[in-house]
Amino acid sequence: MTTPLLRLAGINKSFGPIDVLHDISLEVQPGEVLCLLGDNGAGKSTLIKILSGVYAPTSGRIEMEGKPVAFDSPRSASAHGIATVHQFGGTFPLMSIGRSFFVGAEPTRRWGPLRIYDRKRANEIAVTAVREFGITRIDDGDRLVGGLSGGERQALAIARAVHFGARVLILDEPTAALGVKEAAHVLRIVLQARRRGLAVIFITHNVTHARTVGDHFAVLIRGAKAADFRKGEKSREEITDLMAGGEAMAELDAEIESYMVTHEGHPPPVG
Amino acid sequence: MKSTNPVQPSGGPAPAPAARLGNFVRRPEMASFIGLVAVLVFFSFFGGTSFLSPSGAASWLNVAAELGIIALPVGVLMIAGYLDISIGAVIPASSMTIAIISGHFHAPILVGIVAALALGLVVGFINGMLVVRTAVPSLIVTLATLFAVAGLTLGLSVILTGSTSVAIDGGPIAKLLLGQFVDKAFEVIIFWWIAIVLVAGFVLHFSRYGNWIFALGGDKESARNAGIPTDRLTIVLFLFSGTCASFVGLSQALLYNSAQVSAGQSFIFNSIISVVIGGVLLTGGYGSVVGIVLGTLTFSIVNQGIYYTGFNANWASLIIGVLLFAAVLMNNTFRTMALAYAPRAKGGAKP
Ligand SMILES: Nc1ncnc2c1ncn2[C@@H]1O[C@H](COP(=O)(O)OP(=O)(O)OP(=O)(O)O)[C@@H](O)[C@H]1O
Ligand SMILES: [Mg+2]
């Protein structure tokens, strides 16, 4: 087995007396999508905050390519190539696509004795980068990010992470607020990122979305890893059961089925 | 994939007039431009055009320049997501500083100027540090320093000079640079205003630091995660507003040859009104230097233009109130238009 790009070993996290994560061990390979599943409050967001340098773990080890690392800030995590895209993607709704793409790393050019922001180049690069992810509707880098759809914003944020050399891409519920078409588009972008050799950690409540893109699945229940399996090893029903805490889900399943029948526009189960 | 450059409208040689107008409508200063035109039409109609004559123009340009040097940093801070109202105390405090040092104690004028500017820097630094280090909102922090500085100014002036008003004679050079009338009517501070506007406009809209300021006002957490030194940037912006406030204070003392303890409170609301009319979003992340300048001019024209009409000057406040509200409504509309703007592909372009 090759050394994983990112490995967590025995991660614990408590906030004062509250234990949120117990003994989590996980690994991701480049070119692989790890789906992190779990009910509300299971600790998924806390785990990715540890990975993105927002929190330090109470105990446990993080390794990249076999070497131990410690992230004391979001900056140091991104310096190690870990990029986190939060639910609404780009968070500067009133900035232009070009400007928000390059926040903190603006391209400049000479203008007489001065250096000025190179708007044209920033717009070109940003637009090209999102278009490479199949968002061909975007062709003007002066448009404001707030005018993009949720899926387009996710695409912009992912394109940005890839452009700046991310090796691990963490997506916290990127499809949660999206309609069917938009969600499908984001899933396609996730697969593209995987094809480019990124390790993707994909957090979701949606078993269908997870099964569409995931190579490897981990289920968190009340802060502990309840299961860790690879694509095809578990059925849809087994995963749903696991996420709900392993209790018998038959009646709820039936309820969900009837809900799906009466509510059009829900994603059809994938074959 | 076609080989044409996907970014067409911006860098191209000459966009169609309609496209240029469209871009202009979506800019943050659009509403303030309309406001300025409306105000000009209004006062030309009711007061004739004499307020556009050189002496008339000087009356509102002088007001605009003093207010503008305050409104500019206040507006830039607002774009970055902060408020600074301590300027209302820094202006008289620095007037008193230069008057006490160079007037009352007869120290060289340069010492007084440096001390007054240093006072602005110190207050700005304290504001910036408190905002960065504590989770207290900038409005409260600068409200606290507003009162603290006002109290100190009053207390120290009485202790040192036994008075709340001190005379000062700046001498020819200082007056020439900072406190003189050009052509009998125009205050020299107008040129300082133009210079500061050019510098701030360059920094905000052309340098990369401008992008940092917009990002800071848009979302502080994300800006920090993107590697922007948000704390340092915040402190620098408060230093800027403190320095500008002390600059206005000292130049007023030199212009009028005296300083009073209480001569700055009106700048607080007036600057915020100018900035908001100018299209800056109160919650940060959106605005422009051109807008701030237009907002300042609009405010000053209403403020002074009223004397050229037959109306009682008290009506100026009513007009400003209505104008402020109308401007904010228009700003919201134009901002929504800017957000919704999506150029349709070439084939689907409207005739
Ligand atoms: N800063 C904190 N202090 C104390 N407890 C916290 C803190 N952050 C999270 N928790 C607790 O940790 C648990 C896990 O929270 P977390 O946000 O990681 O869950 P999640 O799996 O992301 O849930 P969701 O699916 O709803 O997003 C929750 O019970 C939460 O109350
Ligand atoms: Mg969460």
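Miscellaneous remarks
- The listed residues are B:Gly103, B:Gly120, and the only one of them that is in a helix (DSSP H, G or I) and in contact with a Phe, Trp or Tyr (Cβ under 8 Å, 6 or more places away or on another chain) turns out to be B:Gly120.
- Listed by position, the helices (runs of 4 or more DSSP H) enclosed by region A:149-225 that each have at least 2 residues that are in contact (Cβ under 8 Å) with a residue 60 or more places away in the chain, more than 16 Å from ligand 2 (Cβ to nearest atom) and not assigned by TED's automatic domain parsing to the domain that holds A:Gln29 are A:150-163.
- Residue match in region B:319-335 (condition: assigned to a helix (DSSP H, G or I), surrounded by fewer than 16 Cβ atoms within 10 Å (Cβ to Cβ) and within 14 Å of chain A (Cβ to nearest Cβ)): yes
- Look at (1) over 18 Å from B:Leu139 (Cα atoms); (2) at pLDDT below 95; (3) away from chain A (no Cβ under 14 Å) and you find that B:Glu221 fails only one, number (3).
- Residues of region A:167-197 classified as modelled with pLDDT of 90 or more and within 14 Å of chain B (Cβ to nearest Cβ), total: 1
- Which listed residue, of A:Gly41, A:Gly16, A:Gly53, is modelled with pLDDT under 90, surrounded by fewer than 18 Cβ atoms within 10 Å (Cβ to Cβ), more than 16 Å from ligand 2 (Cβ to nearest atom) and in the same structural domain as A:Lys231 (by TED's automatic domain parsing): A:Gly16
- Scope region B:187-211; condition aromatic (Phe, Trp, Tyr) and either buried (at least 22 other Cβ atoms within 10 Å of the Cβ) or touching a Cys at 6+ places or on another chain (Cβ under 8 Å) (or both); matching residues: B:Trp193
- Among the residues of region A:15-32, those that are assigned to a loop (DSSP other than H, G, I, E, B) and within 12 Å of ligand 1 (Cβ to nearest atom) comprise A:Gly16, A:Pro17.
- Of all residues in region B:260-313, those that are outside any loop (DSSP other than H, G, I, E, B) and away from chain A (no Cβ under 14 Å) total 33.
- Any hit, region A:109-123, residues being within 16 Å of ligand 1 (Cβ to nearest atom) and either touching a residue at least 60 places away in the same chain (Cβ under 8 Å) or not in a strand (DSSP E or B) (or both): no
- Members of region B:238-261 that are crowded, with 24+ Cβ neighbours inside 10 Å and more than 29 Å from B:Val182 (Cα to Cα): B:Phe238
- Conditions (1) within 14 Å of chain B (Cβ to nearest Cβ); (2) out of contact with any helix residue (DSSP H, G or I) (no Cβ under 9 Å at 6 or more places or on another chain): number failed by A:Gly104: (2)
- Qualifying positions in region A:56-88 - in a loop (DSSP other than H, G, I, E, B) and either within 16 Å of ligand 2 (Cβ to nearest atom) or hydrophobic (A, V, I, L, M, F, W, C) (or both): A:Ala56, A:Ala70, A:Phe71, A:His86, A:Gln87, A:Phe88
- Every residue from region B:19-63 that is within 20 Å of B:Gly201 (Cβ to Cβ), modelled with pLDDT of 80 or more and outside any helix (DSSP H, G or I): B:Arg27, B:Pro28, B:Glu29
- In region B:224-235, the residues that are within 7 Å of another protein chain (Cβ to nearest Cβ) and surrounded by fewer than 19 Cβ atoms within 10 Å (Cβ to Cβ): B:Gly227
- Region A:33-46 residues that are within 14 Å of chain B (Cβ to nearest Cβ) and part of a helix (DSSP H, G or I), paired with ones that are within 9 Å of ligand 2 (Cβ to nearest atom) and of a type outside the set (A, V, I, L, M) (beta carbon under 8 Å, 6 or more apart): none
- Qualifying positions in region B:153-168 - touching a helix residue (DSSP H, G or I) at 6+ places or on another chain (Cβ under 7 Å), in a helix (DSSP H, G or I) and not polar (S, T, N, Q): B:Leu160
The values are calculated or read from the model by the stated rules, or taken from the named source; none is laboratory data. Computed from a predicted structure; not experimentally measured. As a convention, Cβ positions derive from the backbone with ideal geometry for all residues, glycine included, and neighbour counts pool all protein chains shown.
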